[in-house]
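**Student:** Structure provided below as structure tokens; questions to follow.
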Amino acid sequence: MKTRYIIASLLIAASGLTSCNSFLDIDPTDQASDKLVWSNTKYAELAINYFYADIPYLGSFSSYQCLAGLTEGLTDEFKYGNMNYNAECYIPNEISYGGIVLTPSYTDTYMGVWETTYEEIRRVNEALAKLKNSSFDESVKKQYEGELRFFRGMYYFELLKRYGQAIIYDDDLSKITTDHALDTADDCWNYVYEDLLYAGQNLPNSTTNNGRLTSGAAYALMSRAMLYCKNWKAVKEAAEAVTSMGYKLTANYADAFKASGNTEAIYMYSYSADASVTHNFDGYYAPGGDHKKAGMTMYGGYGTPTQDMVEEYEKSDGSKVDWSTWHTTEGTLENPPYDELEPRFQATILYNGASWRKRTIEPYVDGTDGWATWKTDAVTEGRTTTGYYLRKLVDENHDFSITQNSTQPWVAFRLAEVLLNEAEACHNLGDDTKAVELINQVRSRVGLPGIKSYSDEALRHERKVELAYEGLYYWDMRRWGLATSAFTGIRRHGLKIEKLAEGKFRYTYVDVDDENLNYPAKMNRLPIPEKELNNNKDIEQFSEWK
């Protein structure tokens, strides 16, 4: 959110520079008036830039998706190991265990976005109203309106994927009332569609993946959003619009999350230490050994990938590993076949012996990165409770001796996701041949053999592996109606690793939960916050939360 303070400062500075010119008739002179902002395209762009700071809301570098930590930490993919009652520590475990703790108030605190998002909707509608009353050229107005409607569509999508319904407000500010019933789900989804369609039709058609929004970004968001309301035709059309623009899968999967050499990023949000626009992803998730220096305020390894996620990966030839040898509570001296697993595993998960920062990862008892037993070692201090660390999205070049802050970009939309979105849509439109072709494009990039025929399991596997830790898996399982079964009655697992004589290791299969995960059906629609219920007499709590 620091970007916003920069923009505000620039606007104030701009008004100071021009206030001596009486012909501008600016009042007051100590801040940027609406009259100034919406009479000069440079200042209007600065005002619209306010909303760009919300693009990270879509992903893993922000707490918007879940205040407690990565949404993967509510699933079988990821385990938070620290017992402190904080975000990125015990609280995501508490949510994943469900039960009586999931009250409307608690759930709204950690998963809800109602008040924050409606505040942004109000702001974007105010900007749209002022834009429409401006004297800008029509072409300029259309581009600015496209940007603003992209953001409004994004905000409403985030509401709908959580609550299923919303209250529709547009730029006619006279319609704002305290009491307003929820609009129908169909009307809400159509509203999102129309906003994103307008953005797609009026934003520049460019494959530049950072800077101002493009048509590709709008259609990429549409291809994602329309999955949730099962508007398969819109998903397909949006995806086809993106693929016609010339994006290409990045040759090296690991480079698809970096600024350099990335050909598939459709929109990338950039951070800069110089501008104090940073995040803390490395501080939370880099291996514990990276942080072992006096004065560090964060020690890494707060959450780590599970053995269950590791077992999702295929071998490089497309065959599956038989992990039964390592499913032993007695321990085995047999080394897991990590080097046989496909490239996406190597780019996503750090394992015992993996190369990292010119050293070797040591996630074992008394190793440089270390092992902590769940609950017994209540404060992990960077040690893993699963035997793994996250590699994907973590900056291998981050120098913690200089700064805790992270600056790697957030890739909000990329081609591989769009292809998988389209594959799902094609299947539901009856074209499994095209669906298979699209899935195989994604598999081909990492050298895996293509699937022969479509199945829901194949698509879900591909999304889980290809899009791992990008903030989509939890919501995918929820929209598919699978979360209640997949995240209930299960435990997460890890491999406890002990170094023995002569460089050998013992691997022991361990339960890293000690209680079952529990995803109740009511979590498929988040509760309306108490504040809204108290202030709006035309709305009532969803039945499952009463």
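**Student:** Any idea what angle helix 415-428 forms with the longest principal axis of the chain, computed on alpha-carbon atoms, 0 to 90 degrees, nearest 10?
**Tutor:** Tilt of helix 415-428: around 90 degrees.
**Student:** Calculate one ³J(HN,Hα) per residue across segment 326-332 by plugging θ = phi - 60° into the Karplus curve 6.51 cos²θ - 1.76 cosθ + 1.60, and present them in order as whole Hz with x for glycine and proline.
**Tutor:** Coupling constants for segment 326-332: 9, 8, 10, 7, 8, x, 9 Hz.
**Student:** Once you treat every alpha carbon in segment 445-546 as an equal point and sum by Debye, what is log10 I(q)/I(0) at q = 0.12, 0.16, 0.19, 0.24 Å⁻¹?
**Tutor:** Here log10 of I(q) over I(0) equals -0.72, -0.98, -1.09, -1.22.
**Student:** Of (i) 1.06; (ii) 0.98; (iii) 1.14, which is the value of Rg/Rh (Cα atoms, Kirkwood Rh) derived from the coordinates here?
**Tutor:** (ii)
**Student:** Could you tally the net charge around LEU533, taking each other residue with its Cβ under 14 Å from the Cβ of LEU533, Lys/Arg +1 and Asp/Glu -1?
**Tutor:** -4
**Student:** Could you please report the charge total around PRO409, scoring K, R as +1 and D, E as -1 over all other residues with beta-carbon less than 14 angstrom from its beta-carbon?
**Tutor:** Residues close to PRO409 contribute a combined charge of -2.
**Student:** Compactness ratio of segment 264-396: Cα Rg over 2.2 N^0.38 Å, N = residue count?
**Tutor:** 1.16
**Student:** Between VAL277 and residues 5 or more places away or on another chain, which pairs have amide H atoms under 5 Å apart, with H built 1.01 Å from N, and which residues are they?
**Tutor:** HN-HN under 5 Å from VAL277: SER272.
**Student:** Let me ask another. LYS79's amide H: which non-local residues (gap 5+, or another chain) put their own amide H closer than 5 Å, with H modeled 1.01 Å from N in plane and none for Pro or chain starts?
**Tutor:** It is THR304, THR306, by chain and number.
**Student:** About the Cα centre of the chain, what is the dipole size in debye to 20, counting +1 per Lys and Arg Cβ and -1 per Asp and Glu Cβ, all else neutral?
**Tutor:** For the chain, the charge dipole is close to 580 debye.
**Student:** Quick one: 3J(HN,Hα) in Hz for segment 457-474, Karplus 6.51/-1.76/1.60 with θ = phi - 60°, rounded, Gly and Pro as x.
**Tutor:** 4, 5, 5, 5, 4, 5, 5, 4, 7, 5, 9, 3, 6, 9, x, 10, 4, 4
**Student:** Going down the table (LYS522/LYS546; LYS258/LYS392; LYS175/LYS537; LYS79/LYS496; LYS315/LYS358), which pairs top 18 Å between alpha carbons? Walk me through the numbers before you get to the answer.
**Tutor:** Details: LYS522/LYS546 10 Å; LYS258/LYS392 10 Å; LYS175/LYS537 16 Å; LYS79/LYS496 14 Å; LYS315/LYS358 26 Å.
Pairs exceeding 18 Å: LYS315/LYS358.
**Student:** Further, regarding this structure: Given Cα pairs under 8 Å that are at least 6 residues apart, what percent is the relative contact order of segment 416-546?
**Tutor:** Across segment 416-546, relative contact order equals 15 percent.
**Student:** Okay, moving on. May I ask you to list the GluC sites (Glu not before Pro) in segment 484-546 that are in a DSSP loop and have at most 13 other Cβ atoms within 10 Å of their Cβ?
**Tutor:** GLU515, GLU540
**Student:** Restricting to Cα pairs below 8 Å that are 6+ residues apart, what does the relative contact order work out to for the chain? Please round to a whole percent.
**Tutor:** This gives 18 percent for the chain.
**Student:** Just grab the label-to-label distance for SER206 and ARG525, each label 7 Å out from Cα along the Cβ direction, in nm (one decimal).
**Tutor:** Each label point is offset 7 Å from its Cα along the Cβ direction, giving 4.2 nm.
**Student:** Still on this structure, I have one more. Let me understand segment 160-240 better: what is its radius of gyration from the alpha carbons, and its Dmax, in angstrom?
**Tutor:** For segment 160-240, the Cα radius of gyration and maximum Cα-Cα distance read 14.4, 43 Å.
**Student:** Using a 1.4 Å probe over the heavy atoms of the protein chains, calculate the carbon and sulfur portion of the accessible area of the chain as a whole percent.
**Tutor:** Ligands and nucleic acids excluded, carbon and sulfur give 47 percent.
**Student:** Further question: Using just the helices of the chain, give the 222 nm mean residue ellipticity in deg cm²/dmol: DSSP H runs with n ≥ 4 each add -39,500 (n - 2.57), and the total is spread over all residues, rounded to 500.
**Tutor:** So the calculated ellipticity at 222 nm is -11500 deg cm²/dmol.
**Student:** Let me ask something else about it. Report, in degrees rounded to the nearest 10, the 0 to 90 angle that the Cα long axis of helix 114-132 makes with the longest principal axis of the chain.
**Tutor:** With rounding to tens, the tilt is 40 degrees.
**Student:** Label ALA378 and ASP395 with points 7 Å out from Cα along Cα→Cβ: what is the distance between them in nm?
**Tutor:** 3.4 nm
**Student:** Per residue, what accessible area does the chain have, given a 1.4 Å probe and all protein chains present, in Å²?
**Tutor:** It amounts to 40 Å² per residue over the chain.
**Student:** So what's the angle, to the nearest 10 degrees on a 0 to 90 scale, between helix 41-52 and the longest Cα principal axis of the chain?
**Tutor:** 30 degrees
**Student:** Next up: With θ taken as phi - 60° and the coefficients 6.51, -1.76 and 1.60, list the Karplus ³J(HN,Hα) couplings across segment 191-207 in order, rounded to whole Hz; mark glycine and proline as x.
**Tutor:** Taking θ as phi minus 60°, the curve returns 5, 4, 4, 5, 5, 6, 5, 4, 4, x, 7, 10, 7, x, 8, 8, 8 Hz for segment 191-207.
**Student:** At a Förster distance of 30 Å, what's the computed FRET efficiency of THR332 paired with ASN252, Cβ-Cβ distance as r, to 0.05?
**Tutor:** Computed FRET efficiency for THR332 and ASN252: 0.35.
**Student:** May I ask you to compute the full-extension gain from LYS292 to ALA273, defined as 0.36 nm times their residue separation minus their alpha-carbon distance, rounded to one decimal in nm?
**Tutor:** Once the chain is fully extended between LYS292 and ALA273, it gains 4.6 nm.
**Student:** Also, quick follow-up: Sequence gap at least 6, Cα distance under 8 Å: using those rules, report the relative contact order of segment 146-269 to the nearest whole percent.
**Tutor:** 22 percent
The values are calculated or read from the model by the stated rules, or taken from the named source; none is laboratory data. The structure presented is a predicted model; accordingly, all values stated were derived computationally and were not measured. So basically every Cβ, Gly included, is an ideal-geometry build from the backbone, and we count neighbours across all protein chains shown. For accessibility, only protein heavy atoms count, side chains too; no ligands or nucleic acids. Shrake-Rupley method; radii C 1.70, N 1.55, O 1.52, S 1.80 Å.
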